[in-house]
Amino acid sequence: MTDHTRVLIIGSGPAGLTAAIYAGRALLNPIVIEGEPSSTTDQPGGQLMLTTDIENFPGFPESITGPELMAKMREQAKRFGADLRVSKVHKVDATSRPFRAWLTDDVEPSITADSVILATGARSMMLNVPGEDRLYSHGLSTCATCDGFFFRGQDIAVVGGGDSAIEEATFLTRFASSVTLIHRRDSLRASKIMQERAMSNEKIKFAWNSKVTEVLGEERVEGVRLEDTITGETRVLPITGIFIAIGHIPNTTLVTDLLPLDEAGYVKTSHGSYTNIDGLFAAGDVQDHEYRQAITSAGSGCVAAIDAERWLETQGFSH
Amino acid sequence: MATITHLTDATFDEVVKSSEKPILVDFWAEWCGPCKMIAPILEELADEQSEKFAIAKLDVDTNVATATKFSVMSIPTLLLFKEGEVVARLVGAKPKGAMLQEITDNL
């Protein structure tokens, strides 16, 4: 059976759900394909599902947790008639109209759509060094909120230098005796307030100009091999846990053959959320490597819904 | 309707060892987002697969000893026990189909 919709939204992070709220209120009855459970940040609710407190989302002066914020957005989208489905789109045909989408296990496309908003976000990058796969879940983790608890009283490390890395390191000091922040450069990319928070936390140490070349340990993490990015010297940092927060790559698999990507691999948009294909819009982190905030992502989801609504009108689609 | 048993450090051994069918134990915690994501899937599986295996949950927050004993350092972790022995270890949230496949492959 094939379902037809005016607007198909792919993704359910802040961009996808904000687009769903706006498209819902425009009485477009959007279908939202939320994604499938995973622990890699590519999942229903998106990257925020793995974060702790969000302190910079306007309207929540006391901060709110990522999963709570996403649950509220989801509820709001539902209230305005969005049809939310836990599944994953594995193929989109945007060469003819209506657009067609194949979901998990579909042999034939099960959704046709007059317009599509691509809001597939981005997922965490891994180190791609020896030992990483073997020790994943044996001391190596990508989710501080999930796994920090297991490192009570231990010396651990976080790899990365952006806001997420600092947030994770700060969170992990609740449990660990010490958290070493391993960063390739000699200064942090993170915002000033996060930097200050890290610098003033006695439990956080820094390994500057350091690159992880190997995760050590047989049954569980026992250390990491670090290479000095300036001198090339290597040393071993003994730790029992390592959390990866080195950044994200956009989830563009669905459109690599359809749309031009920028140098960093993100979908190119212009005049708001327009892509090179009429009727296909992109919002959120899949098209933004510059700001990547919950609020900018939500904002761009709103832009995409309004763009889609106006575009549908010009095409003569009535509500 | 099949129910999901909540295990503790005190009841773990007895329940897992005496289970007639293979038993899948979900190591989880309240503060773990991905754990919440797979909770409804486990409820569905408990209903649909009740003839093949049982499902139980263990809150690692209050039952550290069992989590430590099985070297659980990342949640959600699902351990499949057959006659009291671990026969499969699933780490991280996964879609229902993938989860069921890994379980049935090891039954």
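The values are calculated or read from the model by the stated rules, or taken from the named source; none is laboratory data. Keep in mind it's a predicted model, so treat the numbers as computed, not measured. Neighbour counts run over all protein chains shown; Cβ positions are idealised from the backbone, glycine included. SASA here: full protein model, heavy atoms, side chains in, ligands and nucleic acids out. Shrake-Rupley method; radii C 1.70, N 1.55, O 1.52, S 1.80 Å.
Extension gain for the segment B:Ala65 to B:Glu102, taken as residue separation times 0.36 nm less the Cα-Cα distance, is 10.7 nm to one decimal. Taking 19 Å as the cut-off, the amide N atoms of region B:56-74 that come nearer than this to a point 7 Å along the Cα-to-beta-carbon line of B:Trp31 belong to B:58-68, B:72-74.
Residues A:His248, B:His6, sorted by accessible area with the largest first, give B:His6, A:His248 [1.4 Å probe; ligands and nucleic acids excluded]. Relative contact order for chain A: 20 percent, from Cα pairs under 8 Å spaced at least 6 residues apart, divided by residue count.
Label zone (A:Glu222, point 7 Å along Cα-to-C-beta; backbone nitrogen cut-off 16 Å) within region A:119-135: A:131-132, A:134-135. Would you please give the FRET efficiency between A:Thr213 and A:Lys91, computed as 1/(1 + (r/R0)^6) with r the Cβ-Cβ distance and R0 = 56 Å, to the nearest 0.05? Here the calculated transfer efficiency is 0.90.
Give me the 1.4 Å probe accessible area per residue for region A:35-174, excluding ligands and nucleic acids, in Å². Kindly include the intermediate steps, with their values, before the conclusion.
On the way: 5850 Å² over 140 residues.
With the other protein chains kept in place, region A:35-174 gives 42 Å² per residue.
Distance between the modelled labels on A:Thr314 and B:Glu51, one decimal in nanometres: 5.8 nm (7 Å Cα→Cβ projection).
Among A:Ser273, A:Ser38, A:Ser87, the residue with the largest mean-square fluctuation in a Gaussian network model of chain A, with springs joining Cα atoms closer than 10 Å, is A:Ser38. Relative contact order, whole percent, for chain B stands at 35, derived from Cα pairs under 8 Å and 6 or more residues apart. Accessible area per residue for chain B, computed on protein heavy atoms with a 1.4 Å probe, is 47 Å². Solvent-accessible surface of protein heavy atoms, probed at 1.4 angstrom with all chains present, puts A:Leu226, A:Leu27, A:Leu48 in the order A:Leu27, A:Leu48, A:Leu226, largest first. Summed over qualifying helices (DSSP H, 4 residues or more, each -39500 (n - 2.57)) and divided by its residue number, chain A shows a 222 nm mean residue ellipticity of -7000 deg cm²/dmol.
Pairing chain A with chain B buries about 1700 Å² of accessible area. This figure sums both sides and uses a 1.4 Å probe. Using a 1.4 Å probe on the protein heavy atoms, what percent of the accessible area of the protein assembly as shown belongs to carbon and sulfur? Exposed carbon and sulfur together represent 49 percent of the surface. Using R0 = 51 Å, the C-beta based FRET efficiency linking A:Thr2 and A:Glu55 works out to 0.70. Computed with every protein chain present, the accessible area of A:Ser200 is close to 90 Å² [probe 1.4 Å]. The 3J(HN,Hα) values that the Karplus relation (6.51, -1.76, 1.60; θ = phi - 60°) gives for region A:147-155 are, in residue order, 10, x, 3, 6, 10, 4, x, 10, 9 Hz. Gly and Pro appear as x. Label separation (A:Glu263 vs A:Val129): 2.6 nm, computed from points 7 Å beyond Cα along the C-beta direction. Given R0 = 30 Å, the distance between the Cβ atoms of A:Arg185 and A:Arg79 translates into a calculated FRET efficiency of 0.10. Within region A:1-33, name every residue whose backbone N is under 18 Å away from a label modeled 7 Å from Cα of A:Val107 along the Cβ vector. Within reach of a label on A:Val107: A:1-3.
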